[in-house]
Amino acid sequence: MIRLAWSWVRGAGGNRQAQSRTQETGAWVRAVYVKETLEAFRDRRSLLVMIVLPAFIMPVVTLGIPYLEQRQQHQISTTTPEVAVVGQAPSLIHMAYTSKLFTPVHTTDATKALRERRVLAVLKIPANFQNLVAREAQVHVGVLYDASNPESVAARARVVDLISRYSQAVVARRLIARHINPKDLLPVVMDERNVATQRQLSGMLLASLLPFFIAMWAVVGGMSLAVDEAAGEKERGTLESLLLAPPSREALVLGKFLSVLTASVGAVIVVVVAMMVSLRWGYPYVLHTSQKLDVSLPVGTAGVMLAVAVLFAALMSAVQLSLSIYAKSPREANQFITPLYFLTVIPALAVPYITEWQQSVGTYVMPVLNSFFTFRELLLGTVNWGHLMLAAVSSAFYAALAVEWAIMLMSRESVIFRT
Amino acid sequence: MRLLVEARNLQKHFRSYHAVRGVSFSCYAGEVFGLLGPNGAGKTTTIRLLTTILRPTSGTARIAGHDVVRQPAEVRRSIGVLPENAGVYGRLTGREAIRYAGRLYGLAPDALERRIVEIADALELTEHLDRLTDTFSKGMKQKINVARALIHDPPVVFLDEPTSGLDVISARSVRDFVLRFKAEGRCVILSTHMMEEAERLCDRVAIIAGGRIRAEGDLAALKAETGKDLEEIFMTMVEQSVVR
């Protein structure tokens with residue numbers, strides 16, 4: 001590739017021989033690219049992975065999971081849990097009924113009933129509760145709950161709420177009896193306000209989701225093509241005929257690389273668009289909320305993100321193609337590529353938890369991580385142009401290096417006829 | 001006659017394995033030269049050395065006047081190759097598969113389309129040209145590979161076990177192409193382990209065993225010299241190579 005770039009530079013400078021070499025290589029690259037892309041379009045499996053799967057999975061992931069979570073929360077908040085009450089405290093129980101925080105029930109073995117999930121919590125009241133309260137002593141009540149059951153955890157919160165309200169009412173009565181204003185117990189009252197705009201909140205949501213999905217689909221989108229175009233050619237017995245034709249190994253690899261890259265970038269675009277559409281229009285509809293998400297990306301940001309995603313996908317495509325060239329069969333190629341998938345997705349998941357790396361220049365020259373941190377900066381609107389340039393140049397360098405590796409492998413007898 | 005293939009003391013090592021141990025022969029335009037030998041004798045490696053896909057450890061070869069090591073690009077433009085067990089691109093039609101080969105050989109679009117029609121006609125492929133090759137029989141797939149190998153009208157043709165795995169009718173059809181190539185003045189190098197095929201098609205043969213040529217020459221002369229038929233000569237040579 002470096003030779004080709006040099007030849008192009010010399011050609012542009014007027015060197016006829018270099019010009020004709022560049023034109024010839026360009027025609028070969030085009031021929032390989034067109035053929036590989038045509039075959040990919042006729043392969044239902046790659047189309048399914050590239051377009052259909054991301055288009056369907058993204059709305060499910062971005063809306064389906066929050067929807068299920070919200071449904072559970074809604075159920076918990078609208079139903080009144082049954083709490084077993086052991087002991088007598090008429091005023092407290094009366095407050096439970098009137099506040100509708102929970103429904104007190106009586107049961108013989110309350111702990112067993114809790115374990116069997118017949119009740120969601122147990123409130124244990126000491127025998128002389130009313131007397132102790134009347135004598136202004138401190139009363140200890142017990143709450144039993146099951147931490148492994150979210151509904152029980154919610155019921156516990158309601159019992160705690162009731163005890164707190166009851167305590168406040170008792171305190172207020174005692175203070176009034178002593179001619180003290182209950183408000184005197186709260187000399188400072190806090191009034192809080194969130195200054196983040198809708199766009200910033202959406203940016204944070206996107207920053208936590210997008211890098212992960214871009215990483216995932218940059219690998220998955222091109223995987224079947226990368227496997228098919230090298231290891232698949234070995235298995236079908238078409239590689240030898242291809243290598244016997246005049247095109248240089250450089251031209252063959254570049255044509256194949258560009259078609260894998262097209263699939264990879266295509267899948268990333270489908271994923272990002274499907275996610276934005278589902279968040280923007282599906283969010284208020286599916287989640288029954290009045291909260292609108294401003295998930296539009298400014299054109300400039302979207303363009304820069306696409307450029308960074310293309311460079312990242314280029315590295316992934318070239319590495320996948322190299323592994324496929326090295327593999328003896330498509331099965332072996334898949335075995336080589338699977339760890340690459342995890343090596344990419346895990347850093348994407350880690351990025352929100354290592355934000356302190358964001359300030360280090362070294363982060364922006366680290367392959368893979370540099371792209372994820374750049375996406376994050378772009379989505380949060382905290383772009384540092386120096387970081388962006390560093391990430392772009394280093395990503396392009398790594399991608400070029402990986403393409404050179406693929407060319408080197410394609411030129412080795414021991415790799416082509418590896419048995 | 002024009003000398004088109006000239007191999008001189010070709011050798012190839014794969015780590016400790018010495019696959020080809022000094023193969024030399026020549027082949028001329030309008031001639032069918034047979035490389036005869038059992039499986040693993042070194043026939044395919046010899047063809048791969050001559051077609052530039054492998055680089056010889058030592059020795060030289062010239063194809064149509066071009067050196068296989070120093071001028072691989074020129075050699076590739078002068079040869080058409082049908083590798084052993086060659087496959088097809090199943091999701092391309094016959095026409096697309098042949099067109100792809102033509103583009104790789106740099107044929108101009110108009111000339112390429114004319115050549116596809118001409119070659120499909122010669123190989124009786126015309127009515128199947130626009131079907132996906134996945135739906136083709138093995139014999140039809142082999143015809144597509146022959147068409148791909150000849151799209152640029154090369155003077156030298158290498159056929160590595162071209163009838164292997166084909167039914168009787170398809171094998172006969174491939175043998176007819178070989179004779180046609182010869183009639184067209186091409187130089188054909190044919191590797192086979194089938195005596196009958198060699199006797200029917202080859203003007204001269206080289207018997208390869210253990211990476212070496214054990215006997216070489218005109219079929220009639222070989223028979224006259226040894227007083228044996230080709231199969232007996234072949235067996236004798238192979239047995240001798242095992243003893244050595």
query = Is there a residue in segment B:78-100 that is in contact with an Asp or Glu (Cβ under 9 Å, 6 or more places away or on another chain) and hydroxyl-bearing (Ser, Thr, Tyr)?
reply = yes
query = Would a scan of segment A:244-260 turn up a residue that is without any contact (Cβ under 8 Å) to a residue 40 or more places away in the chain, in contact with a Ser or Thr (Cβ under 7 Å, 6 or more places away or on another chain) and either surrounded by 17 or more Cβ atoms within 10 Å (Cβ to Cβ) or in a helix (DSSP H, G or I) (or both)?
reply = yes
message = Being under 24 Å from residue A:231 (Cα atoms) and over 16 Å from the mean Cα position of the chain (by Cα) narrows it down to one residue among B:81, B:88, B:69, B:20; which is it?
response = B:88
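Here are A:27, A:55: which of them is closer than 22 Å to residue B:89 by Cβ and assigned to a helix (DSSP H, G or I)? I'd like the intermediate steps shown before the answer.
Working: A:55 fails: closer than 22 Å to residue B:89 by Cβ.
One residue alone meets the criteria, A:27.
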request  = Run residue B:86 past the list (1) modelled with pLDDT of 95 or more; (2) touching a Ser or Thr at 6+ places or on another chain (Cβ under 8 Å) and report the number of the one that doesn't hold.
outcome  = (1)
query = What helices (runs of 4 or more DSSP H) lie completely within segment A:150-238 and have 2 or more residues being within 14 Å of chain B (Cβ to nearest Cβ) and touching a residue at least 40 places away in the same chain (Cβ under 8 Å)?
reply = A:198-229, A:231-236
request  = Grab the strands (runs of 3 or more DSSP E) fully contained in segment B:28-91, keeping just those with 1 or more residues being in contact with a strand residue (DSSP E or B) (Cβ under 9 Å, 6 or more places away or on another chain), buried (at least 19 other Cβ atoms within 10 Å of the Cβ) and more than 10 Å from chain A (Cβ to nearest Cβ).
outcome  = B:32-36, B:58-63
message = Residue under question is residue B:116, and the condition is that it be surrounded by 22 or more Cβ atoms within 10 Å (Cβ to Cβ), within 14 Å of chain A (Cβ to nearest Cβ) and out of contact with any Cys (no Cβ under 8 Å at 6 or more places or on another chain); does it hold?
response = no
ask   = Of the residues that sit in segment A:62-120 and are acidic (Asp, Glu) and modelled with pLDDT of 85 or more, which one is surrounded by the fewest Cβ atoms within 10 Å (Cβ to Cβ)?
value = A:116
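Could you tell me whether any residue of segment A:166-185 is under 40 Å from the mean Cα position of the chain (by Cα), closer than 28 Å to residue A:73 by Cβ and among the small types (Gly, Ala, Ser)?
Checking segment A:166-185: not a single residue is under 40 Å from the mean Cα position of the chain (by Cα), closer than 28 Å to residue A:73 by Cβ and among the small types (Gly, Ala, Ser).
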ask   = How many of the residues making up segment A:313-368 are part of a helix (DSSP H, G or I), charged (D, E, K, R) and over 30 Å from residue A:382 (Cβ atoms)?
value = 2
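The values are calculated or read from the model by the stated rules, or taken from the named source; none is laboratory data. On a predicted model such as this, the values are computed, not experimentally measured, just so you know. Note: ideal-geometry Cβ built from the backbone for every residue, glycine included; neighbour counts use all protein chains shown.
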